[in-house]
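Working notes, beginning with the structure itself.
The values are calculated or read from the model by the stated rules, or taken from the named source; none is laboratory data. Note that the coordinates shown come from a computational prediction; the quantities given were computed from them, not determined experimentally. Virtual Cβ from ideal backbone geometry, glycine too; neighbours counted across all protein chains shown.
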Amino acid sequence: MIFIAATAFKKTARTLFLSLFLVATAHAAPEIVQWQHSSGAKVAWVHSPNLPMLDIRLEFDGGSRRDPAAQAGLAAATALMSQRGLQAHGTQPALDENQWTERWMDYGAQWSVSASTDRFSASLRTLTAADVLAPVIDLAAASLAYPDWSSERQQAVWTRERARFTAAWRDAQTQPATVAQRRFSQAVYGEHPYGYEANPDTWQRIHLSDMQRHWQTHIRPCDARISLVGAISRSEVDALLSRLLTPLMQQRGKTCSPLPAVAEVAPLTQASHHHVPMPTAQAHIWLGQPGHRRHDPDFFPLLLGNYILGGGGFVSRLTTEVREKRGLTYGIFSTFQPGMHAGAFVVSVQTRPDQAEQALSLTRQVLQDFVTQGPTEAEVQAAKTYMVNSFALRIDSNRKLLDNVANILWFELPSNYLNTWTQTMQAVTVADIQRALRHVLHPERMVSVVVGGRAEGKKQ
């Protein structure tokens, strides 16, 4: 009984340690050291010695932009099923999903795999104590190299998960916000993979062999991006990476054949309006177009301009004009979603169904005026003050810092990007914002979607 209690206490203590909020220094961004590992992987490391913890992010070019159209959802399904058990390897027995999860819990470590539009990401959080770190890295290495794709047990698991996906999808079709987002994505992206929608038909076409092929094709150390933030030295990082990647390197080798290019998002040639009647208490409105890539040189002017337009909450133009002055909305915001390709620019509005057309018309007018005239000098200075003063909140924990380091590595930004962020933001002018907005945004060619109210509209 004493042994059991001590073991439980040890596990609980480790779990509590993992949930602590890790505070980074707010007055200056930390140094980011980058190099290329012998496997070919690009590495970025930040030494954060405040607590004996380590966060690792491994990213690969295997996000949903790599999904076949008929198998939309393949990347996400692969990410999920990679966490449902391990094959037997070497002297290690196979682990089912419960045994695999319990193994991570025994170490008090966290492992997760996910797929976004661009990236396939594996994240690890662990203590750096020697008796924990070594077995955790071995388990992570096995999770990368030996997911179970072939057993009958896994087929039963995938059948269960597919049924769960389908039930959630059917429920989502009753949610106006989800319907609006889906129709908007279809209209904005067209045939581009950014607009693919996973649904019961596409999941039915996905088999474990397809997931195995996706994993083998895209989870390659030779073109991985690996970010680390934690209390380990550079020499310890090198040893850790060799231990983490060796099983995968033995399967894949050190060379990479180029992956097929993915086409860019096509610009819209004309406006279109889509109305979906639903018996809802609120109408959900989406207005927008393809925006810009993350590599756009006007990233900072567009970021600052969007804050003034609709990203700044109650101090934004859209909130002032549509909500405060006219009372036409419960909430309104705008955002850019840049990625490897032109992610969407979107304005989202919620209002009463009988006010939807008026709210949409006014939103269009505010947007058109902002693109034509640009912001005022006072608006720009106020926005800069907020953005610069709140910058420390972007890196005030190890996890937030890891997110930023991973973005720097993925988009090949300068290693001093965080150190120069405030200076770059301060250098943005009214003219920069106006020029960038006119270049990217075209209100006369935007897609609008309204969910709630009258019958289906037609393309303009």
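Worth pointing out:
- Entirely in region 365-460, the helices (runs of 4 or more DSSP H) that have 1 or more residues that are farther than 30 Å from M278 by Cβ and in contact with a strand residue (DSSP E or B) (Cβ under 8 Å, 6 or more places away or on another chain): 398-410, 430-440
- Counting only strands (runs of 3 or more DSSP E) wholly contained in region 266-355, the ones carrying 2 or more residues that are of a type in the set (G, A, S) occupy 283-290, 331-336, 344-351.
- Only one entry of S123, S114 meets the criterion of being in a strand (DSSP E or B), free of Cβ contacts under 8 Å to residues at least 40 places away in the same chain and either of a type in the set (S, T, N, Q) or touching a Pro at 6+ places or on another chain (Cβ under 9 Å) (or both), and that entry is S114.
- Some residue of region 230-250 being β-branched (V, I, T), over 17 Å from L360 (Cα atoms), buried (at least 18 other Cβ atoms within 10 Å of the Cβ) and more than 21 Å from the chain's Cα centre (by Cα): yes
- Top-ranked residue in region 157-201 [being part of a helix (DSSP H, G or I) and among the hydroxyl-bearing types (S, T, Y); ranked as farthest from Q71 (Cα to Cα)]: T178
- Restricting region 432-460 to residues that are touching a His at 6+ places or on another chain (Cβ under 6 Å) and not hydroxyl-bearing (S, T, Y) leaves a set whose member that is modelled with the lowest pLDDT is Q460.
- Residue in region 255-264 that is among the acidic types (D, E) and at pLDDT 95 or above present: yes
- Residue that is farthest from Q337 (Cα to Cα) [pool: residues in region 263-277 that are in contact with a helix residue (DSSP H, G or I) (Cβ under 8 Å, 6 or more places away or on another chain) and crowded, with 16+ Cβ neighbours inside 10 Å]: V276
- Top-ranked residue in region 88-103 [being in contact with a strand residue (DSSP E or B) (Cβ under 7 Å, 6 or more places away or on another chain) and surrounded by fewer than 19 Cβ atoms within 10 Å (Cβ to Cβ); ranked as farthest from A156 (Cα to Cα)]: R103
- Every residue from region 50-87 that is more than 28 Å from A231 (Cα to Cα) and either without any contact (Cβ under 8 Å) to a residue 40 or more places away in the chain or assigned to a strand (DSSP E or B) (or both): P68, G85, L86
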